[in-house]
1. Cβ-Cβ distance below 6 Å, separation of 6 or more or different chains: which pairs start in the stretch 115-137 with a residue that is part of a helix (DSSP H, G or I) and end on one that is open to solvent by less than 80 Å² (accessible area, probe 1.4 Å) and not charged (D, E, K, R)?
2. Could you check, for the stretch 96-109, whether at least one of its residues is touching a helix residue (DSSP H, G or I) at 6+ places or on another chain (Cβ under 6 Å), closer than 23 Å to Ala30 by Cα and open to solvent by 50 Å² or more (accessible area, probe 1.4 Å)?
3. Can you pull out every residue in the stretch 30-54 that is touching a helix residue (DSSP H, G or I) at 6+ places or on another chain (Cβ under 9 Å) and in a loop (DSSP other than H, G, I, E, B)?
4. What is the one condition in (1) in a helix (DSSP H, G or I); (2) more than 25 Å from Glu146 (Cα to Cα) that Val59 does not satisfy?
5. Within the stretch 32-45, how many residues are open to solvent by less than 70 Å² (accessible area, probe 1.4 Å), in contact (Cβ under 8 Å) with a residue 24 or more places away in the chain and not hydroxyl-bearing (Ser, Thr, Tyr)?
6. So which of Thr55, Thr78 ends up being over 20 Å from Glu100 (Cα atoms) and hydroxyl-bearing (Ser, Thr, Tyr)?
7. Can Leu139 be described as at pLDDT below 95 and surrounded by 13 or more Cβ atoms within 10 Å (Cβ to Cβ)?
8. Kindly indicate whether any position in the stretch 64-76 is under 13 Å from the mean Cα position of the chain (by Cα) and either over 23 Å from Leu139 (Cβ atoms) or open to solvent by 70 Å² or more (accessible area, probe 1.4 Å) (or both).
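The values are calculated or read from the model by the stated rules, or taken from the named source; none is laboratory data. The shown structure was predicted, so the numbers you read here are calculated from the model rather than taken from an experiment. Cβ placement follows ideal geometry from the backbone for every residue including glycine, while neighbour counts extend to all protein chains displayed. Keep in mind that these areas ignore ligands, DNA and RNA; they rest on the heavy atoms of the full protein, side chains included. Shrake-Rupley method; radii C 1.70, N 1.55, O 1.52, S 1.80 Å.
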Amino acid sequence: MTPHPLLDVAHVTAFDAYLADVGTVFRTFADQDSGCVSYGVLIDGRKWFAKSASTPAAVSSLRRAVTVHEAVAHPAITPLLHHLTTDEGLAVVYPWVPGEVLYHPTRSRSGGRTAPDSPMARFRMLPLSQVHDALDIVLDAHLAVEAAGLVAVDLYDGSAAPP
């Protein structure tokens, strides 16, 4: 069986260069308050989400994410498929899941919550039953985190999305 370039590799030198070598990077998420850089990458017709950390704080954050994923599984929590080291730190790999950030708090002071064409505005215009369904799913995922003996943090309105 041919090894998968994201799932069967233990270490790469430069993660961004490696991704460009093994696939097509179609999206880069560099403006993150975590210090991580994430990528959408297409390999053999399949999309993946890959996230890398190169600062001590970002590496620590990704290590915590690995620990959480080892303890918690829930249909609303995208599963971590693999993690690997890089010369600069750590990287994680998830399946690509379509979605949209409701607002991006690191891009502007208000995060675009009130812009009429924003994802947040579209979410707020959904029928109340759909908003309730989305919140039920998010809260149920938090119950799975709690059942694993962990404490969920950083829940805010940008964390919710329609099912």
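1. Pro119/Leu102; Met120/Leu102; Met120/Tyr103; Phe123/Leu102; Gln130/Pro162; Ala134/Ala160; Ala134/Pro162; Ile137/Ala76
2. Yes, there is a match, as at least one residue in the stretch 96-109 is touching a helix residue (DSSP H, G or I) at 6+ places or on another chain (Cβ under 6 Å), closer than 23 Å to Ala30 by Cα and open to solvent by 50 Å² or more (accessible area, probe 1.4 Å).
3. Answer for the stretch 30-54, where residues must be touching a helix residue (DSSP H, G or I) at 6+ places or on another chain (Cβ under 9 Å) and in a loop (DSSP other than H, G, I, E, B): Gln32, Ser34, Gly35, Cys36, Ser54.
4. It is condition (2) that Val59 fails.
5. Result for the stretch 32-45: 6.
6. Details: Thr78 fails: over 20 Å from Glu100 (Cα atoms).
Only one candidate qualifies: Thr55.
7. Values: at pLDDT below 95: yes; surrounded by 13 or more Cβ atoms within 10 Å (Cβ to Cβ): yes.
Considered against the rule, which asks whether it is at pLDDT below 95 and surrounded by 13 or more Cβ atoms within 10 Å (Cβ to Cβ), Leu139 comes out as yes.
8. Scanning the stretch 64-76, I find at least one residue that is under 13 Å from the mean Cα position of the chain (by Cα) and either over 23 Å from Leu139 (Cβ atoms) or open to solvent by 70 Å² or more (accessible area, probe 1.4 Å) (or both), so the answer is yes.
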